[in-house]
Structure formats: structure tokens, C-alpha cells
Amino acid sequence: MTSHRDVKHVVPDLSNWRGTHPRHSGNYRMRRTALGTLATVLVAALVFLTAAIAPAVIDLGNEYRVVQVVTQPNAKPVDPVDPNAGKPISFLLLGQDTRDGAGNEAIGGGGKADQGYHNADTTMVVQISADRSYINLVSIPRDSLVDIPSCTTPKGTIPAQYNTMFNSIFSSAWNRGDGLSSAASCTLNAVNALTGLDLQQFIVVDFEGLKGMIDAVGGVDVCVPIDTKDKYTDLDLKKGMQHLNGLNATRYARMRHGTGTDGTDIMRTTRQQYLIKQLLNESMSKNLFTQTSQLYQLAKAALHSLDFSNGLGNIATLVGLAISLKNMDPTHLYAQTLPVTPAPSDHNRRVWAPEADAVWAKLRNQQPLTLVKATGGSSSSPSASASDSASSSSSASATPAATPDPVTGLITEADGTLIDPNTGGIVNPKDGSITDPHTMEYIGIADRYLNATVCAVPAQK
């Protein structure tokens, strides 16, 4: 199995603890229970990154319950302002598919027989730049086949596995280790080995938490490009811009078999990324500095909806992140699904495409997942930009020199083809979906285009 652990770069422990790599789940202590799923983590961060109001933060000190952190060697005192100023922050976001608890059972479906089931329904690598000017987000398809290293847990070592589904890492470690801590730590260990990253922190969330978080911000606007029904989640949405409550937004994020979908996890990951962007826009469009009550409720929901590794379970860390990120341009949230191709052994599964390492290289080199130059103009062509650096996205397509449309954010080629300048992917004008020109698999949704053209109408409240 290929490993990139020789890559030299610094990724800070988010509370300035430099512990050992998470090969042993006992090095992590989790906060309360797991309550949330996929996009919730960025909403939770937005509680702090969009507005850190002192009275709310002081009050929240009594709400924020974290198990005592195991002191790490050479621990440094935590700066109450921003212990990570000027440092990149990276972590693994795990959306847990579980039916445990009445709330998760009601949203996820199933019955008593499904309780005790734990899978990583969603896995995303999140990287916040050192200067807080952008956020990278990469979705790892759950059905991709990978080789994973062994992982030590309090109950023994789980042997290395080969050609196994990615999401089985979480469930296997949960069952063979000590539950959530082992599941998250072993998944983190595998991601580091597969990508060459040095992630040290994770956040685990599930169905019920996502619902509560979205309700706490008053719902979210989502563009539905086609009348959509899904009998598995009871979702029934009309075409157009819809204002979804927490329950329907969660169903939207989970849907795989409804109208307008192809039944794959790949397409679902693009909707999850789109939902995160819409939540980011929803939060940043509200002046939470003047809405203390709403901020307080959102913060309470966030702190009760997430499980953190110990380096993240610190109020000063989150408040510091708030101050540093509150002015970030929301269009600088760069999200994409890792390039994959059908697995030779099973076309219902995927393997990481050769272009995947170029995506991870950008994160290893702490570069934004975009082909557009930092000055605001586009590169001479996405494909040319990709060839200039080994860390550039290899999923780019050849396009003429052009400036992205200020409204849709896309480049229109001479033949009318729409190109996403961030990934170089081809955009479907009917639904805004982005496909990789090499693999022809879905890698994202052009959110600005979708909102401005397909759903250029007010949200239906």
C-alpha cells in the first residue's frame, strides 16, 4: 500500500497539544454522545467564525461539556484569543449513519434491529488556510475500495486490510475496538496513510444533530432542479428554490434513490457539499452580531450536536477561530469529491483515480482547491495551470483563457460548454452538477450557477 507519510509539513494540534499520531484510539476522548451528520461541522464552526459574542460565549461555558483531556507531553498553555493564529487547521469530518436513539431512528428509518449499526456515511477532509482566506473540503466516497493499515485499539490491534470498502473502516473499528473513539481514530489513521496528510483531529456527527443545527439557523435555502420524490426518506420537493427545515434538509442530504438521482453515493456527496455551502451562506448573510438570541441558540445546538477529539474540545480554540474567520468570502469554500473510477473487480464500487493524488497534493502543500489565480483572474487555462505544478488539480479540462462570470462563477467555452474554474469540471446546465472530464464521475455542484439560473426565484418559505 502506498503511503506518503514522509511529506514534511506542520499541521497544528488545534489546542496546541502535540500528541502522538492517532494510531491508538485511547489517545482521544470524546464529548458526550454522537449527535449530528456531515455538514453540521461547518455550521458549528460558523457559530464562532461568523460572530463571537462575549455574553453568549461566557454563558456557553456551562453548556460545553467535554471529558477531561489527557494531558500530552510538552503541553503549552492555551491562548484565550487565538492559539492557532497564522496556522492552517485541518481535521476529519465523519458523518455517522446510526439508528441509535429515538431521533436518529425516526430520521434514518429502520427499526430496533438497526440499532447498534454504525457506519461512516460521510467522510470529508476539511482544511482551513493559515490566513483564513479559504476552506478546502474533499469528500471521500464511502464505497471506494482501499488498502488500509493496521490500527491499535484498547481491545487489541485490527490487522491491515486490502481492497476493502472505505466506510467499513469506521464500523469495523467500532465493533472491534472501544466504540466511537476507536472508529474515528482508525479512520483518521487510514486517511493519513492513504493521502500523506497529517490530520490529528476529527469531529463525528449524525442525523439528529444535523436536523437540530439547521432548525437552529431557521432552515436553509436549497435549489431543487427537478421535482423530487424519494420513498426511502419520504422527501417530496417541487422544482425551485425551497426553504427546508432541519428534517427535510437532512433527508435531502441522505437521499440516494429519489427523482433526479442516479442511486450512487458519488452524487449524494455533491449534494452534501452544496448543502454545506448553502448553510455557510445562510449563516454569513445574517448579522449575528446584532442577533444575540439566535447566536446563542445556534451555539447551544452546535455544542450539543458534535463529538470532538480532545484537541478540538476547547472553547478558546473555537472562539479564536471565530475571530479569524468571520470575514472570509463564502465563495472561497472550495469543495469537491475525490476523483474515482469504477473498480475493475466490481463496477458497483469505486477506486481512487490517478488524478486523486493531485487533489491531496494541494492539501499537503496547503493550497486552495481552485485553478483560479489568487489575484481573481483565471489562469491561462485550467489544464495549463494543472501542468505547472504537481499539486494542481488533474481533473481540469482544457479551456481558453477566460474570466469566470461574476454571477455564476463559471467559464463559458466557445461551443457553449460550461466549465467550473475551480475544478476544471464540466457543468450540466440543467442541474448544475459538475463532472470530471477524465472520469466522467460527479465531483461537485456549481452552487452559484444553480442558484442564479436554475432557481433564479425567491425561496418558497
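Any read-out appearing in this document is the output of simple, stated calculations on the displayed coordinates, not a laboratory observation. For clarity, every value in this text was computed on a predicted model and none was experimentally measured. All Cβ positions, even for glycine, are placed from backbone atoms using ideal geometry, and neighbour counts span all protein chains on display.
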Distant-in-sequence amide H partners of Glu441 (H built 1.01 Å from N, under 5 Å)
Asp436
Which ³J(HN,Hα) values in Hz, rounded to whole numbers, follow from the phi angles of the stretch 150-164 under the Karplus curve 6.51 cos²θ - 1.76 cosθ + 1.60, where θ = phi - 60° and Gly and Pro get x?
5, 9, 8, 10, x, 9, x, 8, 8, x, 4, 10, 10, 6, 10
Going 7 Å from the Cα of Thr259 along its beta-carbon direction, which residues of the stretch 216-249 have the amide nitrogen within less than 18 Å of the resulting point?
222-244, 248-249
Once you have the Cα-Cα distance between Asn245 and Met440, take 0.36 nm times their residue separation minus that, and quote the gain in nm to one decimal.
66.9 nm
Take the Cα coordinates of the stretch 194-283, assign each an equal point scatterer, and use the Debye formula without solvent to give log10 I(q)/I(0) at q = 0.12 Å⁻¹.
-0.39
Once fully extended, how much extra length lies between Gln366 and Ala130, figured as 0.36 nm per residue of separation less the alpha-carbon to alpha-carbon distance?
84.1 nm
Plugging the Cβ-Cβ distance of Tyr232 and Thr412 into 1/(1 + (r/R0)^6) at R0 = 22 Å yields, to the nearest 0.05, a FRET efficiency of 0.05
Work out, step by step, the length gained on full extension between Ala160 and Ala456: first 0.36 nm times the residue separation, then minus their alpha carbon distance; give nm to one decimal.
101.5 nm
